[in-house]
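Working notes, structure below.
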Amino acid sequence: MKLAITGLPQSGKSTIFYALTGARGDDEVRKASHAEQTIGTVRVADERVGILESIYKPKKTTYAQVEYLLPSNVPAVTQSKAENLFWNQVRLGDALIHVIRNFQTPGSSPPTPEPDYWRLEEEIILNDLMVSEKRLERIELDNKRGKKPDEEERALLKSCLKLLEENRPLRLDPNLSEAPSLRGFAFLSAKPQLIVINNDDENESLPQWKSSLETSEMLVVRGRLEMEIASMAPEEAEEFLVAYNIEKSALDRVIRSSYHALRCISFFTVINEEVRAWTTTEGASALDAAGAVHSDMKKGFIRAEVLSFENLEKYGSFQEAKKSGDVRLEGKAYTVQDGDIIQFRFNV
Ligand SMILES: Nc1nc2c(ncn2[C@@H]2O[C@H](COP(=O)(O)OP(=O)(O)OP(=O)(O)O)[C@@H](O)[C@H]2O)c(=O)[nH]1
Ligand SMILES: [Mg+2]
């Protein structure tokens, strides 16, 4: 899962990125600094993995991972090359984390979170509008030259255009945001989005907005404070978490909310003495899950042996659960449930 950080200039994008990836002690962080973007990989905390570990005593344990992308270029106000570069990086994300300034630094104007939100949202919509217009023009041109258009794509693009012209994002219409034939366009406003209100150290509350936001989740992060905490040793961080009344770190909360926004679930495998957590989306089939683990498992898929996490905990082992008849044999079309422990039977 890739989460791209967006926001107006000086909203605290870098600060939030480091709060999320700076990670306290236990998290494995790899930062790859490319010419264009910074990527931070963090593991998804999941207490069920710890319980699986105590049951299986594996040689190796692998948590699910989330990648954060911090684009290097700031979005310019006018349509320039730099701006395109920024959005091209953001386009790689499965979802957007939209950072909004709700703090004041000496010399800066008081924060205006709601208008700031709409300013970036409008840019995102405009961006998609241009992409769909351009593609539709192309289709009409080809049509005139005798190339038969893909009618489904054409109709979908027209619906996109209509919504975007009303200044509304594509994420409002799942028929458009989830349409397989539009996936290639990687429309920005079609991506699920998490709004992170970047508050000052002393402020824990969500700002009151005049208009409601139909589809996006919003949460408060005290960016600078949490960035400082993220760089501390665990014991020192603990004191701060208590002092500032922070129950869960920004990292845990943002990951959890993005899981929710992206409709992600986790399933587990135990293969060659490795316990491993995987991320897939709600509604994924056993065959999709097999493909995520290994292409051979998908190709040679026979059956999936599935045990719910609750039943594993109840019986204490896969074998005991099997004796009680609680391990189910499922076919390709089975819909994976959050917490399933899956053994794939396959044949290559
Ligand atoms: N008080 C306070 N200051 C913050 C907070 N987050 C960021 N800042 C300050 O705001 C300024 C901008 O933060 P950055 O994280 O660099 O913002 P950015 O969006 O990455 O900026 P650009 O990359 O230049 O667009 C810095 O001086 C930060 O120290 C916060 O939560 N509280
Ligand atoms: Mg920055």
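The values are calculated or read from the model by the stated rules, or taken from the named source; none is laboratory data. The shown structure was predicted, so the numbers you read here are calculated from the model rather than taken from an experiment. Cβ: placed from backbone, ideal geometry, glycine included. Neighbour counts: every protein chain shown.
Listing for the model above:
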quantity: Matching entry among 62, 38 (being under 20 Å from the mean Cα position of the chain (by Cα), among the β-branched types (Val, Ile, Thr) and either more than 12 Å from ligand 1 (Cβ to nearest atom) or at pLDDT 90 or above (or both)); calculated: 62
quantity: In the stretch 1-22, residue nearest to ligand 2 (Cβ to nearest atom) [restricted to those that are among the polar types (S, T, N, Q) and more than 15 Å from residue 66 (Cβ to Cβ)]; calculated: 14
quantity: Strands (runs of 3 or more DSSP E) contained entirely in the stretch 217-306, each with at least 1 residues that are surrounded by 14 or more Cβ atoms within 10 Å (Cβ to Cβ) and within 16 Å of ligand 2 (Cβ to nearest atom); calculated: 217-221
quantity: 3 or more residues of a type in the set (Asp, Glu) and without any contact (Cβ under 8 Å) to a residue 24 or more places away in the chain: qualifying helices (runs of 4 or more DSSP H) within the stretch 90-183; calculated: 113-144
quantity: Members of the stretch 92-112 found to be among the hydrophobic types (A, V, I, L, M, F, W, C) and more than 16 Å from ligand 2 (Cβ to nearest atom), listed by number; calculated: 92, 95
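Results for (1) modelled with pLDDT of 85 or more; (2) away from ligand 1 (no atom under 16 Å from the Cβ); (3) within 24 Å of the chain's Cα centre (by Cα); (4) over 30 Å from residue 127 (Cβ atoms), shown as yes or no for each residue.
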site: 199; (1), (2), (3), (4): yes, no, yes, no
site: 219; (1), (2), (3), (4): yes, no, yes, no
site: 234; (1), (2), (3), (4): no, yes, no, yes
site: 239; (1), (2), (3), (4): yes, yes, no, yes
site: 254; (1), (2), (3), (4): yes, no, yes, no
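The rows are residues; the columns are (1) in contact with a helix residue (DSSP H, G or I) (Cβ under 6 Å, 6 or more places away or on another chain); (2) closer than 20 Å to residue 61 by Cβ.
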position: 276; (1), (2): no, yes
position: 292; (1), (2): no, yes
position: 315; (1), (2): yes, no
position: 330; (1), (2): yes, no
position: 336; (1), (2): yes, no
position: 344; (1), (2): yes, yes
position: 347; (1), (2): no, no
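A quick yes/no check of all residues on (1) within 16 Å of ligand 1 (Cβ to nearest atom); (2) of a type in the set (Val, Ile, Thr); (3) more than 22 Å from residue 2 (Cα to Cα); (4) modelled with pLDDT under 85:
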| site | (1), (2), (3), (4) |
| --- | --- |
| 27 | no, no, no, yes |
| 43 | no, no, no, no |
| 54 | no, no, yes, no |
| 58 | no, no, yes, no |
| 66 | no, yes, no, no |
| 76 | yes, no, yes, yes |
| 88 | no, no, no, no |
